[in-house]
1. Send over the per residue convex hull volume for the range 97-151, Cα only, as a whole number of Å³.
2. Net charge near V121: determine it from the other residues with C-beta under 14 Å of the C-beta of V121, scoring Lys and Arg +1 and Asp and Glu -1.
3. Taking 0.36 nm per residue of sequence separation and subtracting the Cα-Cα distance, how much length would be gained by fully extending the chain between S99 and D149, in nm to one decimal?
4. If Lys and Arg each add +1 and Asp and Glu each add -1, what is the summed charge of the other residues whose beta carbon sits under 15 Å from the beta carbon of D58?
5. Please report the net charge: other residues with Cβ closer than 12 Å to the Cβ of G74, K and R +1, D and E -1.
6. Could you give me the ³J(HN,Hα) list for the range 111-117, computed from phi with Karplus coefficients 6.51, -1.76, 1.60 and θ = phi - 60°, whole Hz, x at Gly and Pro?
7. Give me W131, W65 sorted ascending by neighbouring Cβ count inside 10 Å, so fewest comes first.
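Laboratory data are not the source of any read-out in this text; all were calculated from the coordinates shown. Note that the structure is predicted; figures quoted are calculated from it, not measured. Reconstructed Cβ throughout: ideal geometry from the backbone, glycine too, with neighbour counts over all protein chains shown.
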Amino acid sequence: MAARRHTVPGHLVGAGRVTLSRTGGGAGPDWGAYAVLYTTRPVDGGSEAVIGYCMPDDPLLDPAWGLHRQQPYGPAGTARHPLGDYAAASDPARGRSESPASYGQRMALFLLRIATATRLVHSPRIIDLPWAAWTLATEQHVHLAPDPDHPGRGWAGHHQVRVGRILTLQPKQP
């Protein structure tokens, strides 16, 4: 079964645990850093990874989080391209024998690996908000094909990946 990739107009609104990180670079000299949001939500008997992005200097991010500051060995500058374009520039191009659906899944899994790593790596540069409300302008929505090594469990526990631009982010005040 191949992944289905399609553009989904509209906004997705949600709330819950959110992890933020500064990532990017590595795709070439024209690519800078992104602030990436990762959260999950239940859908259709499975789980969807929600991956949002904005520029690290975006005013919707609290400057106290430090995502706007370049870190040693981290990506320099600020990216100005959609996150999906970054994935395409970072991973090998689609080969002639690769279907568009397979390529879409590969790009979604590339971003999913980046996003889930933020929960696995304990670093002061990763911001974990126990609860935040957010709005995302969906750019990509991919239904993942089953993981052949873990049937029924999805990829990192996810059956879908949604990628989009962060429009609002409001953490719960202590």
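1. Details: hull volume 8.2 nm³, N = 55.
In the range 97-151, the Cα convex hull volume per residue is 149 Å³.
2. Details: positive: R22, R113, R119, R125; negative: D128.
Residues close to V121 contribute a combined charge of +3.
3. Working: separation 50, 0.36 × 50 = 18.00 nm, distance 2.09 nm.
Extending this stretch completely gives an extra 15.9 nm.
4. Values: positive: R22, R69, R80, R165; negative: D57, D62.
Surrounding charge for D58 is +2.
5. On the way: positive: R22, R69, R125; negative: none.
Charge balance near G74 sits at +3.
6. Here the 3J(HN,Hα) series is 5, 5, 4, 4, 5, 5, 4 Hz.
7. Working: W131 11, W65 18.
Least to most surrounded, the residues fall as W131, W65.
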